[in-house]
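Novice: Dumping the structure here so I can ask a few things about it.
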């Protein structure tokens, strides 16, 4: 039974502030890296907050990542991203930088000169590899049943049909997969599958996400087959290329949103 005082103002379920509800929460849009004046895409609230899950502090408190899983994540070279935690994006800063971005040179034209984010910056800030094989996948059509079998192999379960969107998977089902605690005597296969769930959340919701930030490409799971060799790929190059593409796309006046990884740009500016 609800014991709330009838005179107490209702609060948003996302940010616990008054004056709005969770469907039009400006802080939730801000958290997801979506411009405040753009509508919330349909289905955005279908799952838990991805950024809370991949945040180092929240991840350890909320989902309690087992040590064996952490070791597999460290083996892939993504522990730097996980340990850095999630940071709120300063949209005023990002907007100012977008206005100064020049697609022709991939640099910011500032009063003091030109500046940009480099591969060395990505390596220093997140520890991602900037050399090695490129991050590429084979764009092959598969049925939902085939994608389900691939998910069963790589992450330990086959998502419901409604979680698939073409060759992308909604991150909500991955987040819900973390609700089931890993038993202390879990096999190495189960630990690797749990590590891949975290990696897909990081890739789809943080590093290589689209403007929705709630779907991940199904081209990534095959790249995560052997966790010992995942770190050999040039994930830093893929991350920087995604940032460049997002900035170039945002210079189009017809666009009203920008994709990740904006935190990389923000951290670079504050260093």
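Novice: Looking only at residues in region 83-109 that are free of Cβ contacts under 8 Å to residues at least 60 places away in the same chain and part of a loop (DSSP other than H, G, I, E, B), which one is farthest from residue 269 (Cα to Cα)?
Specialist: Looking at residues that are free of Cβ contacts under 8 Å to residues at least 60 places away in the same chain and part of a loop (DSSP other than H, G, I, E, B), I get 104.
Novice: Output the residues belonging to region 129-143 that are surrounded by 12 or more Cβ atoms within 10 Å (Cβ to Cβ) and under 17 Å from residue 244 (Cα atoms).
Specialist: Result: 130, 135.
Novice: What number of residues within region 81-114 satisfy the criterion of being within 14 Å of the chain's Cα centre (by Cα) and closer than 20 Å to residue 237 by Cβ?
Specialist: Matching residues across region 81-114 total 3.
Novice: So is residue 242 under 20 Å from residue 117 (Cβ atoms), buried (at least 19 other Cβ atoms within 10 Å of the Cβ) and out of contact with any strand residue (DSSP E or B) (no Cβ under 6 Å at 6 or more places or on another chain) or not?
Specialist: yes
Novice: If residue 172 satisfies every condition in (1) closer than 22 Å to residue 72 by Cβ; (2) assigned to a helix (DSSP H, G or I); (3) modelled with pLDDT of 85 or more; (4) touching a helix residue (DSSP H, G or I) at 6+ places or on another chain (Cβ under 8 Å) but one, which is the exception?
Specialist: (1)
Novice: Could you grab me the full set of residues in region 53-82 that are part of a helix (DSSP H, G or I), at pLDDT below 85 and surrounded by 17 or more Cβ atoms within 10 Å (Cβ to Cβ)?
Specialist: Correct list: 53, 54, 59, 63, 82.
Novice: Give me the pairs: first residue in region 204-223 and at positive phi and at pLDDT below 90, second residue surrounded by 20 or more Cβ atoms within 10 Å (Cβ to Cβ) and in a loop (DSSP other than H, G, I, E, B), beta-carbon distance under 8 Å, and six or more apart or on different chains, which are they?
Specialist: Note: pairs meeting the criteria are 213/32; 213/33; 213/34; 213/259; 213/260.
Novice: Any idea which of (1) surrounded by fewer than 16 Cβ atoms within 10 Å (Cβ to Cβ); (2) touching a helix residue (DSSP H, G or I) at 6+ places or on another chain (Cβ under 7 Å) is the one residue 232 doesn't satisfy?
Specialist: In the conditions (1) surrounded by fewer than 16 Cβ atoms within 10 Å (Cβ to Cβ); (2) touching a helix residue (DSSP H, G or I) at 6+ places or on another chain (Cβ under 7 Å), residue 232 misses (2) alone.
Novice: Residue under question is residue 184, and the condition is that it be surrounded by 15 or more Cβ atoms within 10 Å (Cβ to Cβ) and modelled with pLDDT of 85 or more; does it hold?
Specialist: no
Here is a yes/no grid of residues against (1) part of a helix (DSSP H, G or I); (2) within 15 Å of residue 70 (Cα to Cα); (3) in contact with a helix residue (DSSP H, G or I) (Cβ under 7 Å, 6 or more places away or on another chain):
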site	(1), (2), (3)
135	no, no, yes
141	no, no, no
157	no, no, yes
180	no, no, no
183	no, yes, no
199	yes, yes, yes
202	yes, yes, yes
205	yes, no, yes
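The values are calculated or read from the model by the stated rules, or taken from the named source; none is laboratory data. This structure is a prediction, so every number in the text was calculated from the model and none was measured. So basically every Cβ, Gly included, is an ideal-geometry build from the backbone, and we count neighbours across all protein chains shown.
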